[in-house]
Amino acid sequence: MLPKIILYNAVSLDGRINGFNADVGLYYELASNWDIDAVLMGSNTVLAGFDADSKESSEDLEFIKNRKKYSDDSRPYLIVPDSNGKIRIWNELFKMPYLRDIIVLCSKTTPEEYLNFLNERNIDFIISGEDKVDLKVSIQKLSSNYGIKSIRVDSGGILNGILLRAGLADEIHVLIHPELVGGMKENSLFQAADINSLNDVISLKLVHIKQLRKDIIWLKYEIIK
């Protein structure tokens, strides 16, 4: 059985995921109350949060290699698809106290050098797919190999779009901020190729709505499959 997958985004009223004054504190305050086994985050989202050039040189390799892994650790895993081997700042992520450990999703074309890089740091990885990560297979392996039953997706519209188009997502949580961004550049919570028929529209069922501080609205939808 596949894990339950929850997409979670803060957006402006016009559906943008950046360029507005997001209440980051509220975003993580709500997320901290959810009982989830893993957080799935895109590689671009991870890299956007850190200055890779300045962090790589300060890596504490011995700390990463010799870190303790506890089977009864209740904190969530961090799952990151990185078939191109772009992320080299894992030391910064291991400093986050609310993560249990990290699992990287790779493909069959991921450079051998990068797999050796992960092995040297005692970082688990899953290989699936040819040129790109096969998310469905990877998620199945996360369930069978690690006992992961629920995943929160903290990422941008591209990864959301892949999960939605593949029918892998189960819920969507959106924090709608009372701001308008506008502009011509697309950067919404759901980025994917245009559909050819209205039959391909993804239908949702509203199951929760609540007004939070600063007139932010929390909407929760179930995805109708």
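The values are calculated or read from the model by the stated rules, or taken from the named source; none is laboratory data. Note that this is a predicted model, so its numbers are computed, not measured. Neighbour counts run over all protein chains shown; Cβ positions are idealised from the backbone, glycine included.
Determine which member of the set Ile176, Ile151 is of a type outside the set (Lys, Arg), in contact (Cβ under 8 Å) with a residue 24 or more places away in the chain and more than 10 Å from Leu7 (Cα to Cα). Don't jump to the end; show me each part of the working.
Values: Ile151 fails: more than 10 Å from Leu7 (Cα to Cα).
Matching residue, one of Ile176, Ile151: Ile176.
Condition check ((1) basic (Lys, Arg); (2) under 14 Å from the mean Cα position of the chain (by Cα); (3) buried (at least 17 other Cβ atoms within 10 Å of the Cβ)) across all residues:
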residue: Leu78; (1), (2), (3): no, yes, yes
residue: Ile87; (1), (2), (3): no, no, yes
residue: Glu92; (1), (2), (3): no, no, yes
residue: Leu99; (1), (2), (3): no, yes, no
residue: Leu105; (1), (2), (3): no, yes, yes
residue: Glu113; (1), (2), (3): no, no, no
residue: Asn145; (1), (2), (3): no, no, no
residue: Ile158; (1), (2), (3): no, yes, no
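Look through Leu47, Leu2, Leu105 and report the one residue that is closer than 23 Å to Asp170 by Cβ and not in a loop (DSSP other than H, G, I, E, B). Steps first, answer last, please.
Values: Leu47 fails: closer than 23 Å to Asp170 by Cβ; Leu2 fails: not in a loop (DSSP other than H, G, I, E, B).
Going through Leu47, Leu2, Leu105 in turn, just one is closer than 23 Å to Asp170 by Cβ and not in a loop (DSSP other than H, G, I, E, B): Leu105.
Would you confirm whether or not segment 201-210 contains a residue that is assigned to a helix (DSSP H, G or I) and either among the small types (Gly, Ala, Ser) or outside the structural domain of Ile17 (by TED's automatic domain parsing) (or both)?
Looking for residues that are assigned to a helix (DSSP H, G or I) and either among the small types (Gly, Ala, Ser) or outside the structural domain of Ile17 (by TED's automatic domain parsing) (or both), one finds none in segment 201-210, hence no.
Applying the selection to segment 128-155, what residues are farther than 20 Å from Trp34 by Cα and either part of a loop (DSSP other than H, G, I, E, B) or in contact with a helix residue (DSSP H, G or I) (Cβ under 7 Å, 6 or more places away or on another chain) (or both)? Write out each step before concluding.
First pass over segment 128-155, keeping only residues farther than 20 Å from Trp34 by Cα: 128-138, 140-141, 144-145.
If the condition is that a residue be farther than 20 Å from Trp34 by Cα and either part of a loop (DSSP other than H, G, I, E, B) or in contact with a helix residue (DSSP H, G or I) (Cβ under 7 Å, 6 or more places away or on another chain) (or both), then Ser128, Gly129, Glu130, Asp131, Lys132, Val133, Asp134, Leu135 are the ones that fit.
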Single residue of segment 162-175 satisfying the filter (farther than 22 Å from Thr110 by Cα and assigned to a helix (DSSP H, G or I)) that is nearest to the chain's Cα centre (by Cα):
Leu164
Of the conditions (1) crowded, with 19+ Cβ neighbours inside 10 Å; (2) assigned to a helix (DSSP H, G or I); (3) within 17 Å of the chain's Cα centre (by Cα), Leu118 clears all except one; give me its number.
(3)
Somewhere in segment 137-151, is a residue of a type outside the set (Phe, Trp, Tyr), more than 25 Å from Tyr70 (Cβ to Cβ) and not assigned by TED's automatic domain parsing to the domain that holds Asp215?
yes
